[in-house]
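Encoded as structure tokens, the structure appears first; notes follow it.
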Amino acid sequence: MPAGGPQARIRPRVNATGFPGCREAAAEFASLAGLQQDRPVRMDDLQRAAALRLPAPVIEYFDQGAGDSVSTARAQAAWDRIALRPHTLRDVSRVSTATSVLGQQVAAPVLVAPTAMQRAAHPDGETATARAVAAAGSLMTVSTNAGRTFEEIGAAGAPWWLQVYVLRDRGLTAAMLQRARAAGASALVLTVDTPVVGRKYNAGPSVWDVVPGDFMLVNVPGQETLPAEAIDKADDLTPDIIGWLRECSGLPVVVKGVLRADDARTAVSAGASAVQVSNHGGRQLDLAVATADVLAEIVAAVEGSGAEVYVDGGIRRAEHVLAALALGARAVFLGRPVLWALAAGGASGQGGSDGVADLLTGFADDLAQVMTLAGVRSPAEIGADLVRRSSSS
Ligand SMILES: Cc1cc2nc3c(=O)[nH]c(=O)nc-3n(C[C@H](O)[C@H](O)[C@H](O)COP(=O)(O)O)c2cc1C
């Protein structure tokens, strides 16, 4: 059994002695690996399939960035600029992607970021995502804006963290935290890059014109009748909020949306157990730096503190995951790919939990292969020597 538990992705051994013909060998390898012949996971195909299934304002909402979407467009390119330096002549007959985040075992360091409007991608929304996450041995972050209740999501049995937008009404915020904890949330993810929502341009009708109000914020009691000021995001947060969240919930706090070494140090000094390097998928401050370009300095800033560092933004291939871990991240989070998979993923193309499970297990399988090719057997063996940053980055 793999070190990380029953669900860890282990690259299977192909029996070299029998050596059947090429096609049979490929089929045998694919079935042993649980891989489909069309691997690796192709994100642009998934994105295109989602665009065909969803109303235009919904796919526009998922894909857009703030301003002119410059940060959104730069995110993947920054990962693609990283060059890998694989090891050779290493025994890679057994490779495991298993790891842990805040003590929670996961099958691979590829986790689900919080995103609003999952019910606009699939009627089951976050509940479908949670079922997929449980099946794949992953972990999900549930948005404050979720459209399914914490109890429904918790019942799926996946490990989950609550993403927190601190609301202007702290009493409502505290009630939401307690409800999440009772439903099984095991950490809070405080989003710090959203004192206001970044402006986005819409060519025609926006998502708000086509989806019902109960796709959002269903876990904030009485939100339909509350004045907008009560549920607006707080814009007066300081580092003290981290201690308040810990006290209020008894849960560890991850600070999401950090792009600077000094902010990472401040968050950890104020009691954060982890920081998530993120620019919100480019949906907040346009021209914000790409996460791939600041990850290493943030890892260095908190080194020795015991805090974990995660990263998101533009991660679309297993090679990006390898690069992120080489730069010091403990895990990566996927945002848009999960929405596309919810809408149109899976073997049937019908999305839902099959679509998301297929995305997560496909990523884990791809990562096992990429680790094999890079000469590393576990996430712990992925070191900084595996990457060379290009001089243009
Ligand atoms: C449609 C959409 C909704 C999002 N909603 C939230 C949210 O409610 N809370 C939050 O902290 N981040 C939110 N994010 C940001 C993601 O958590 C994550 O930082 C980002 O999507 C990662 O980049 P990627 O989409 O390129 O993977 C959202 C992103 C998208 C695309």
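The values are calculated or read from the model by the stated rules, or taken from the named source; none is laboratory data. Remember, predicted model here, so these are calculated numbers, not experimental data. Don't worry about glycine lacking a Cβ; one is built from the backbone with ideal geometry, like all the others, and counts go over all protein chains shown.
Limited to segment 227-249, what total is found for residues that are under 19 Å from Gly306 (Cα atoms) and either surrounded by fewer than 13 Cβ atoms within 10 Å (Cβ to Cβ) or more than 23 Å from the chain's Cα centre (by Cα) (or both)?
Residues flagged as under 19 Å from Gly306 (Cα atoms) and either surrounded by fewer than 13 Cβ atoms within 10 Å (Cβ to Cβ) or more than 23 Å from the chain's Cα centre (by Cα) (or both) within segment 227-249 amount to 2.
I'd like to verify a number: residues in segment 168-191 that are in contact with a helix residue (DSSP H, G or I) (Cβ under 8 Å, 6 or more places away or on another chain) and under 23 Å from Gly65 (Cα atoms), how many?
Summing the residues that are in contact with a helix residue (DSSP H, G or I) (Cβ under 8 Å, 6 or more places away or on another chain) and under 23 Å from Gly65 (Cα atoms) in segment 168-191 gives 2.
Residues to consider are Val370, Val376; find the one that is assigned to a loop (DSSP other than H, G, I, E, B) and either of a type outside the set (Lys, Arg) or buried (at least 24 other Cβ atoms within 10 Å of the Cβ) (or both).
Every option except Val376 fails the conditions.
What pairs can you find where one residue is in segment 56-82 and without any contact (Cβ under 8 Å) to a residue 60 or more places away in the chain and assigned to a helix (DSSP H, G or I), the other is within 11 Å of the ligand (Cβ to nearest atom) and of a type in the set (Asp, Glu), and their Cβ atoms are less than 6 Å apart, with a gap of 6+ or different chains?
Hits for this filter: zero, empty list.
Can you tell me which of Ala135, Ala185 is within 19 Å of the chain's Cα centre (by Cα) and closer than 16 Å to Pro252 by Cα?
Values: Ala135 fails: closer than 16 Å to Pro252 by Cα.
Result: Ala185 is the single residue among Ala135, Ala185 that is within 19 Å of the chain's Cα centre (by Cα) and closer than 16 Å to Pro252 by Cα.
So which residues in segment 116-136 are in a loop (DSSP other than H, G, I, E, B) and surrounded by fewer than 24 Cβ atoms within 10 Å (Cβ to Cβ), if there are any at all?
Ala116, Met117, Pro123, Asp124
Taking Pro337 as meeting all but one of (1) of a type outside the set (S, T, N, Q); (2) within 23 Å of Asp63 (Cα to Cα); (3) more than 16 Å from the ligand (Cβ to nearest atom), write down the number of the exception.
The failed condition is (3).
Just a yes or no: is a residue in segment 301-312 surrounded by fewer than 24 Cβ atoms within 10 Å (Cβ to Cβ), under 29 Å from Lys200 (Cβ atoms), more than 13 Å from the ligand (Cβ to nearest atom) and modelled with pLDDT of 95 or more?
No, because not a single residue in segment 301-312 is surrounded by fewer than 24 Cβ atoms within 10 Å (Cβ to Cβ), under 29 Å from Lys200 (Cβ atoms), more than 13 Å from the ligand (Cβ to nearest atom) and modelled with pLDDT of 95 or more.
Under 28 Å from Ala329 (Cβ atoms), crowded, with 18+ Cβ neighbours inside 10 Å and either within 24 Å of the chain's Cα centre (by Cα) or free of Cβ contacts under 8 Å to residues at least 40 places away in the same chain (or both): which single residue out of Val197, Val220, Val207, Val254 fits that description?
Answer to the selection: Val254.
Are any residues in segment 63-118 within 26 Å of Asp358 (Cα to Cα), among the hydroxyl-bearing types (Ser, Thr, Tyr) and within 16 Å of the ligand (Cβ to nearest atom), and if so, which ones?
Thr72, Thr115
Take the residues in segment 315-343 that are assigned to a helix (DSSP H, G or I) and among the charged types (D, E, K, R); name whichever of them is surrounded by the fewest Cβ atoms within 10 Å (Cβ to Cβ). Give the derivation first.
Of all residues in segment 315-343, those assigned to a helix (DSSP H, G or I) come to 318-326, 336-343.
Adding the requirement that they be among the charged types (D, E, K, R) leaves 319, 336.
Details: Glu319: 19, Arg336: 22.
Step by step, filter segment 315-343, then rank; the result is Glu319.
Inside segment 164-279, counting only helices (runs of 4 or more DSSP H) that do not spill past its ends, which hold 2 or more residues that are within 13 Å of the ligand (Cβ to nearest atom)?
Because the criterion is at least 2 residues that are within 13 Å of the ligand (Cβ to nearest atom), the helices (runs of 4 or more DSSP H) in segment 164-279 that meet it are 207-210.
Output the residue which, of all residues in segment 148-182 that are small (Gly, Ala, Ser) and touching a Leu at 6+ places or on another chain (Cβ under 8 Å), is surrounded by the fewest Cβ atoms within 10 Å (Cβ to Cβ).
Ala158
If a residue has to be crowded, with 20+ Cβ neighbours inside 10 Å and in a helix (DSSP H, G or I) to count, how many in segment 280-294 make the cut?
Residues meeting the conditions: 6.
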